[in-house]
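Presented below is the structure to which this report refers.
The values are calculated or read from the model by the stated rules, or taken from the named source; none is laboratory data. Computed from a predicted structure; not experimentally measured. In this analysis, Cβ positions are derived from the backbone assuming ideal geometry, glycine residues included, and neighbour counts consider all displayed protein chains. Heavy atoms of the whole protein, side chains included, go into the accessibility calculation; ligands, DNA and RNA do not. Shrake-Rupley method; radii C 1.70, N 1.55, O 1.52, S 1.80 Å.
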Amino acid sequence: MVLPLLLLLGDTDPAAVHNGRAGRLDVHPPRLEAEIAVDGVLDEAAWSEASVLTGFSQFTPVDGIPAADSTEVLVWYSPTAIHFGVRAFEAHGGVHATLADRDRIGADDNVQILLGTFDDGRQASVFAVNPFGVQSDGALVETGSTSGNGFNNAVVRRESADLSPDFVFQSKGRLTDYGYEVEVRIPFKSLRFQPVREQRWGINVTRQVQHSGVEDSWVPAKRASASFLGQSGHLVGLTELRRGLVLEFNPSITSRTTGARGANGWEYSGGGPELGGSVRWGVTNNLNLNATANPDFSQVESDAGQFLFDPRNERFFSEKRPFFLDGIEQFTTPNQLVYTRRIVQPVAAAKLTGKALGTEIALLSAIDDREVSSTGTHPVYNLLRLQRDLGAQSRLGVVYTDRVEGSDYNRVAGIDARLVAGEVYSALLQVAGSRTRAGDVTTTAPLWMARVTRNGRTFGLRAILSGTDREFRALSGFLPRVGYNRVNLDPRVTLYGRPGHLVESFTGDLNLDGLYRYGRLGTSAGMQEEKIHLNANAHLRGGWQAGASVLVERFGYPSEIYRNYRLELPRAGGGADTVAFTGRPRIPNRDYVLQLETPEFAQFSGNVFVLWGQDENYYEWASGSLLMFNAGADWRPSERLRLSGSYQLQQVGRRTDGSTVNLQHIPRLKVEYQLSRPIFLRVIGEYASERQDALRDHTRTEAPILIYDPAAGDFVRAAAFRSRSFRGDLLFSYQPNPGTVLFAGYGSTLREPLDPTDQLRGGLRRAGDGFFLKMSYLFRT
């Protein structure tokens, strides 16, 4: 690609060309008094004076080799914005591009610009664009965590950006005969940066090439590193940046009408307009103050249905609400001691985020609606997170949260640190305590954890030791399970194939995991889970990914789940006695897992996950047969139309007679049509079905199981039942930029009514529906 490169650069000064593979990673972009139209055509005079980033390397699946497709990134800045131009050469396959909604370009070819405006090697703002200039943005704050579905967490990968934050910036792109060309303008108003005269920012640019399934990086980054951002290049000599006054006012008006079955048939309520809004003030170059009153979240897509196989765990749903998403990355803590979805419907809230005196500051205060209170008072939340850099890449943080409801409260305070040593070693440490008052009872309890990681290219290791007291409470956070000690050891080996081979990389790991009652670590009496997982994952030529696992496990009896269970045993002379339920002390398991992900083809991508074997039958606490099947597909028949479907199945059976205890299905279909970049239509349909047999003390007495019913005030038989529901949502969205929106939607839920005479029959009937309209406009000085 040398000839096209020289033709396009023309008379560019060789000193302005920064070849990543040659180690020219300090870039001094020119400051130009110029204003240009962002039209996706790099033909203005300013682009001929720009610095050029080239010489990309492959990062995934194999690092350290030259990129197969050439990329040029041009950069210069004006007094009010920084400009990037991208020329992506494509000689080996077709360019994947669709007219997608914001943050929905993961299936397209795309370029990510990572700007570390504080030059700390730990965090960066991420601006991504596809070949049409469709935007995806967010923040990357490195914590040393891994991502995956639990069976491929050992695979070497860099941390992904949190796409929740939205920034105001301009971009335009177009397809060309050599590939594609994109133009990006990022106003300094949309960035936070250091209060110094001359700026030095971290920078890297990555490119996703979908036809080959590879990710290229301008910096020749190594996978054997504790930090991806720590290997960034630099923009140096940035001076006289004019951010100006940052003041945003975002008023909104909403109207919502809900329907339900009443005494006189179907009745609707509501419909009156409600005013709300938020304001954002840039206190300094790196400190923002946000406030909101009567916010409305009706535009948020409904949460997808989830199965809950293990009743000891709580379901987790991601935050999607705009006010909480702004700066949410600064509230990140180990063990997720901050979880903003605990704030259900705030009446008012205020938030301060940014950096001052070398310290990251995140403070959120909110008053929740009294309807979500058990005491009839407004719950009040205060969440504080502070973080400070230590050395080159290490960090120290503290967190404090409280939730006050009348005279009751929950307060949590903790300290944590991420320590990086050398290039591949890191440690994450945390200690926290909670103090909770409920009525006349006050309790205090600790939480602690230590995680050590070696992120080598070939050999890696992760070791975890943690503990959470059974009385520890974090009512402003998310802890799926308390009262346990955990010990985990996960060594892995990664091998790399030669370019062109079928297997480009292969990772095998042996995950050894133990879960014990708190304070009984390593004892037979305290054992709750002992697992040996042998996992194998391969990245294949063209972007295919495949994995397989063998799971050998042993589970102890979780007595707390069955406190409200009883058995109905017949008396010798007639009648029945109600006796306590006591389960088997141990259940052995052996399961198998297969998973497959396709590449992002031009019009299709898909994934399949299946787990089967001997596992717990939690419904009756017996050894059972488990089948879990998840499949998803994304079909893009045109640049504007996208269909996303998923199907989940979970089946629990009895091993002795083959009968089914519980069977659940959740098919879901989403159809999106993008009329233009800011306008789309979305239709979602989700069907949920569950069928459960009458429960019995399987493999022991075979007696019927009774479960306490608060409504009846007594123990009642766990009878067979079937439930079905369907949820449909329709949304029209106009969103030219974050904050300026017009949403109009309708949602309806249909359920199968419970028939006391025969619960196994019945059709779907409308149970509730609603219309909503929201308009807001972003005023920005």
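Rounded, prolate or oblate, given the Cα gyration tensor of region 135-231, with a/c below 1.5 counting as rounded?
It is oblate, given that a/c is not under 1.5 and a/b is not larger than b/c.
Here the Karplus curve 6.51 cos²θ - 1.76 cosθ + 1.60, taken at θ = phi - 60°, turns the phi angles of region 634-648 into couplings of 10, 10, 10, x, 8, 5, 10, 9, 9, 10, 10, x, 9, 9, 10 Hz, with x standing for Gly and Pro.
The GluC sites (Glu not before Pro) of region 12-101 that DSSP puts in a loop, and whose beta carbon has at most 11 other beta carbons within 10 Å, are 33. Taking a ≥ b ≥ c as the square roots of the eigenvalues of the Cα gyration tensor of region 309-374, is the shape rounded (a/c under 1.5), prolate (a/b larger than b/c) or oblate? Verdict is oblate for region 309-374.
Solvent-accessible surface of region 165-248, averaged per residue with a 1.4 angstrom probe and all protein chains in place: 33 square angstrom. The peptide list 720-729, 612-621, 122-131, put in order of mean Cβ contacts within 10 Å with the highest first, becomes 122-131, 612-621, 720-729. Within the straight-line cut-off of under 19 Å between alpha carbons, the lysines reachable from residue 351 are 189, 320, sequence neighbours fewer than 8 places apart in one chain being disregarded. In summary, no lysines lie within cross-link reach of residue 531, defined as a Cα separation below 24 angstrom excluding same-chain residues under 8 places away. What a 1.4 Å probe finds exposed on the chain is 57% carbon and sulfur by accessible area, rounded to a whole percent.
Here residue 774 is the anchor, and the aspartates and glutamates within straight C-alpha reach of less than 18 Å, apart from those fewer than 8 places off in the same chain, are 274, 296, 301, 729. Principal semi-axes of the equivalent ellipsoid, √(5λ) from the alpha carbon gyration tensor of region 13-110, are 25, 21, 12 Å from largest down. Judged by the ratio a/c of the largest to the smallest principal axis of the C-alpha gyration tensor, the chain counts as prolate, that ratio being 1.5 or greater while a/b is larger than b/c. Using just its DSSP H runs of length 4 or more, each adding -39500 (n - 2.57), the chain gives a mean residue ellipticity at 222 nm of -500 deg cm²/dmol after division by all residues.
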